[in-house]
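Step one of this worksheet: look at the structure below.
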Amino acid sequence: MSARLLEAVPNFSEGRDRGTVQAIVDAMAGAGAEVVDWSADPDHHRSVVTVIGEPGAVEDAAVAGAAVALERIDLRRHRGVHPRIGAVDVVPFVPLVGLGMEDARASARRVGERLANELGLPVFFYGAASDPPGRGLAELRVGGVEALWAQWPPGRVPDVLPPRWPHPGAHPTAGAACVGARPVLLAWNVYLQGITLPDAREIARRIRERDGGFPALRALALELPQTGRVQISMNLERLQATSPLDVLRLIETLAAEHGAEVVETEVIGMLPDELLLQAAADRLRLRDATLERVLSRRLIRHLERAAFTGPENE
């Protein structure tokens, strides 16, 4: 039987209480998936956990982490610079090995039902998990969780509500969860020095797809009060559509026009192969640099074939 490897990258609305974040990570690891990365940011007031494994284990891990978040996070006291509508804010599923987007969609739909029926969380589906596919997170986050408590806004009723739901709107402490399926993306922050927030917002506007910038790029400018820094926070949703290096070069150029400079970049979660390949190809001026020539990719494919064609008694 061929290998089947799924990734989930849940985002939780807690970045300051390390005890709560560690409890979430431990619960997810205890469900049988492998935690390959996690991070917590106090300004965003958000943590991101990356798990991989066979689909059943990854689904169980997502539900286990959500159960801890529901118990320990109260959005009535939550303030951070990152948009959010839930304690379990976003739960994306990503097909890695031996799986397609339909498999990730199926996992997302199963987990959405479990979050509603087992934990009592309203659930929106997004990305490849929505009907029709392609619903974006931005439209679900308009107004934040505060816009969902009194009642559901027109056109924004959850896809799955818990049984006998007693509230006119979102869960009173945990809001609602967004569960989706998507390809690998680059979650990426660029830190600027010597710039005002309005000027950084102008740079974000210039680069993002919504305002005529790079395809598949979402970008926000954020001021981080605890560190006193300004950040361009980005999601590049299709690495094949836009080169991160092109994005960085334009940010550097636009920052210089304001007398500022890029001082640091940060990737949230795992580093996509495409990012490292593009950076190496650019710096080393590599010819014929394609993903087909990345050794780890070829090794995985070889192991998949060997597992699929191996003797039945092995």
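Computed quantities for the displayed model
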| quantity | calculated |
| --- | --- |
| Positions within segment 157-180 being crowded, with 16+ Cβ neighbours inside 10 Å and over 20 Å from residue 118 (Cβ atoms), in sequence order | 169 |
| Close pairs from segment 186-202: first assigned to a loop (DSSP other than H, G, I, E, B), partner crowded, with 18+ Cβ neighbours inside 10 Å, Cβ under 7 Å, at least 6 apart | 194/260; 195/230; 195/255; 195/260 |
| Subset of segment 237-273 [in a loop (DSSP other than H, G, I, E, B) and either of a type outside the set (S, T, N, Q) or touching a residue at least 60 places away in the same chain (Cβ under 8 Å) (or both)] | 237, 238, 239, 241, 258, 259, 260, 269, 270, 271, 272 |
| Options 220, 192, 197: the member that is outside the structural domain of residue 138 (by TED's automatic domain parsing) and within 30 Å of residue 157 (Cβ to Cβ) | 220 |
| Residue list for segment 217-235, restricted to those being of a type in the set (Gly, Ala, Ser) and either assigned to a helix (DSSP H, G or I) or modelled with pLDDT under 95 (or both) | 228 |
| Verdict on residue 165 being among the aromatic types (Phe, Trp, Tyr), within 24 Å of residue 45 (Cα to Cα) and assigned by TED's automatic domain parsing to the domain that holds residue 80 | no |
| Filter result for residue 133 (without any contact (Cβ under 8 Å) to a residue 40 or more places away in the chain, under 24 Å from residue 56 (Cα atoms) and either of a type outside the set (Asp, Glu) or not assigned by TED's automatic domain parsing to the domain that holds residue 240 (or both)) | yes |
| Candidate set from segment 82-101 (those that are buried (at least 19 other Cβ atoms within 10 Å of the Cβ) and hydrophobic (A, V, I, L, M, F, W, C)); member that is nearest to residue 298 (Cα to Cα) | 99 |
| Qualifying residue in segment 10-23 (condition: in a strand (DSSP E or B) and either among the hydrophobic types (A, V, I, L, M, F, W, C) or surrounded by fewer than 19 Cβ atoms within 10 Å (Cβ to Cβ) (or both)) | yes |
| Near pairs, Cβ below 8 angstrom, 6+ apart or cross-chain, from segment 43-56 (under 8 Å from residue 7 (Cα atoms)) to any residue that is among the acidic types (Asp, Glu) and in a strand (DSSP E or B) | 50/7; 50/37; 51/7; 51/34; 52/7; 52/34; 53/34 |
| Residues of segment 159-180 satisfying the condition of being on the phi < 0 side of the Ramachandran plot, of a type outside the set (Gly, Ala, Ser) and part of a loop (DSSP other than H, G, I, E, B) | 159, 161, 162, 163, 165, 166, 167, 168, 172, 173 |
| Answer from 40, 33, 61, 66 - the residue that is in the same structural domain as residue 109 (by TED's automatic domain parsing), crowded, with 24+ Cβ neighbours inside 10 Å and within 26 Å of residue 147 (Cα to Cα) | 66 |
| Residues satisfying the stated conditions in segment 252-290, i.e. of a type in the set (D, E, K, R) and under 22 Å from residue 7 (Cβ atoms) | 266, 273, 274 |
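The values are calculated or read from the model by the stated rules, or taken from the named source; none is laboratory data. These numbers come from a predicted model, not from an experiment. Positions of Cβ are generated from backbone atoms using ideal geometry, with glycine treated the same way; all protein chains shown enter the neighbour counts.
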